[in-house]
Amino acid sequence: MAILGIESTAHTASVGIVSESAEVLAIASDMYRPPSGGIHPREAANHHVDHLPGLVERALEAAQLGPTDLEAIAFAQGPGLGPCLRAGATVARTLSLAWDLPLVPVNHCVAHVEIARVLSGLDDPLLLYASGGNTQVIAYGRGRYRVLGETIDIGIGNFLDKLWIALGGTFPGGPAIEAEAKLGTELLPLPYSVHGMDVAFSGMLTATLALHAKGAKRADLAYSVEVTAYSMLTEITERALAHRKHGAVVLGGGVACNERLRAMVRTMVEERGGTMFAPPRSLCVDNGAMIAWTGHLAFQSGLSVLPDASAVQPRQRTDLVATPWREARAASVGL
Ligand code: AMP
Ligand code: MG
């Protein structure tokens, strides 16, 4: 049997199909790109409503499967933008009813950890989750995934996107800043805002724009922003790692596609004698396959909901989500 997962927490509408042995059979995605400025939740949701039915068809076709080959329909229940989540949940409920398949809610952040866990084979890694809206260091402990550190203002990706748009570019800013940073030569001083295991980016946004107004080169700004912001993320990951028994770190989120961030975290982890794993880019960014795989784990441990009890949870907290498949595993290996 396979499982179909629907992701729609923010920009990306995605449908993934994964086998019971975690083989990714299909991913069909379409990203909402705002014509100008940042994401508008209602417009993104309209995009998802328009695209999800076709993406379901494309994914089934690519996997060469039909509804009778599926064990369940999984969907991202939260956290995310309410209208976007509701678009995905509505499609998931419809498929569950039409095909008479169980409906399995999945926490988006837990899904980033689980796909990286199964791909890496690392049993108990720490996740540096660096995406548009989220910037968190997550690890499992005492029956739950815990957020050990996070941004106290905006997500790293939103920071990069806002900055790039203010510098005259277009969304998404992260990859464009990565390309521009390669041309930079001078490291300009920017606020380095680490508070314990938390970070903040809004001061860096203001300072970078102030340097730009004074005539600093865009390439130097991009280079300095990358070095400073990714050093901050590497530092909070190291701080969290110092409290862990294992030196294993996995990456997730769109910003984890960044080569400099990957290299910095890898160097830090390897200097501590640990192991770092970054999933392929298609599974770092938001995708339906991670929702499908986590849905499979949840369903196998008895979790499913009826459609009328499947409301989305835009502010769902990672540490309030039950993960019975982890509890069983943790008990058997003494975590
Ligand atoms: P997500 O929210 O996980 O879908 O990721 C989207 C975010 O990842 C956006 O803010 C992008 O700017 C950012 N992003 C994508 N690729 C890169 C990259 N190579 N370097 C930095 N940020 C990136
Ligand atoms: Mg994400």
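The values are calculated or read from the model by the stated rules, or taken from the named source; none is laboratory data. Model, not experiment: these values are computed from the prediction. Cβ: placed from backbone, ideal geometry, glycine included. Neighbour counts: every protein chain shown. For accessibility, only protein heavy atoms count, side chains too; no ligands or nucleic acids. Shrake-Rupley method; radii C 1.70, N 1.55, O 1.52, S 1.80 Å.
In Å², and per residue, what accessible area does region 120-282 have when probed at 1.4 Å with the other protein chains present?
On the way: 6680 Å² over 163 residues.
I get 41 Å² per residue for this part.
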Mind checking which of ALA213, ALA240, ALA311 has the largest fluctuation in a GNM of the chain, springs on alpha carbons under 10 Å?
-> ALA213
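Would you compute, from DSSP H runs of 4+ residues alone, the mean residue ellipticity of the chain at 222 nm, taking -39500 (n - 2.57) per run and dividing by the full residue count, rounded to the nearest 500? Numbers along the way, then the final one.
Values: 11 runs with 150 residues, N = 335.
The helix-only estimate for the chain comes to -14500 deg cm²/dmol at 222 nm.
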Length gained when the stretch THR170-ALA311 is fully extended (0.36 nm per residue, less Cα-Cα span) | 47.4 nm
Give a residue-ordered list of calculated ³J(HN,Hα) values for region 27-43 (Karplus: 6.51 cos²θ - 1.76 cosθ + 1.60, θ = phi - 60°; whole Hz; x for Gly, Pro).
-> 9, 10, 9, 8, 9, 6, 10, x, x, 8, x, x, 6, 9, x, 5, 5
Note, ILE291: beta-carbon cut-off 15 Å, +1 each Lys/Arg, -1 each Asp/Glu, net -2
Short version: ³J(HN,Hα) in whole Hz for each residue of region 263-269, in order, from phi by Karplus 6.51 cos²θ - 1.76 cosθ + 1.60 (θ = phi - 60°), x for Gly and Pro, what are they?
-> 5, 5, 5, 4, 4, 4, 5
Sort the chain into rounded, prolate or oblate with this rule: let a ≥ b ≥ c be the square roots of the eigenvalues of the Cα gyration tensor; rounded if a/c is under 1.5, and if a/c is not under 1.5, prolate when a/b is larger than b/c, oblate otherwise.
-> oblate
Hey, any idea what % of the chain's accessible area is carbon plus sulfur with a 1.4 Å probe?
-> 53
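Give me the one-decimal Kirkwood hydrodynamic radius in Å for region 129-236, with the sum taken over alpha-carbon pairs.
Values: mean 1/r = 0.0707 Å⁻¹.
Across region 129-236, the inverse of the average 1/r is 14.1 Å.
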To the nearest 20 debye, what is the magnitude of the charge dipole of region 251-313 about its Cα centre, counting +1 on the Cβ of each Lys and Arg and -1 on the Cβ of each Asp and Glu?
-> 220
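Two-decimal Rg/Rh of region 141-197 from alpha-carbon positions, Kirkwood Rh? Don't jump to the answer; show the numbers that get you there.
Working: Rg = 15.3 Å, Rh = 13.8 Å.
Rounded to two decimals, Rg/Rh equals 1.10.
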Rg/Rh ratio calculated on Cα atoms of region 40-113 (Kirkwood radius) | 0.97
With θ set to phi - 60° and the Karplus curve 6.51 cos²θ - 1.76 cosθ + 1.60, what are the ³J(HN,Hα) couplings of region 296-309 in order, to the nearest whole Hz, using x for Gly and Pro?
-> 4, 4, 5, 5, 5, 9, x, 8, 7, 10, 7, x, 7, 10
Once the in-chain neighbours fewer than 8 apart are removed, the lysines whose Cα is under 18 Å from LYS182 read LYS217
Looks like region 1-136, by Cα gyration tensor root eigenvalues a ≥ b ≥ c and the a/c under 1.5 rounded cutoff (else prolate when a/b is bigger than b/c, oblate otherwise), is oblate
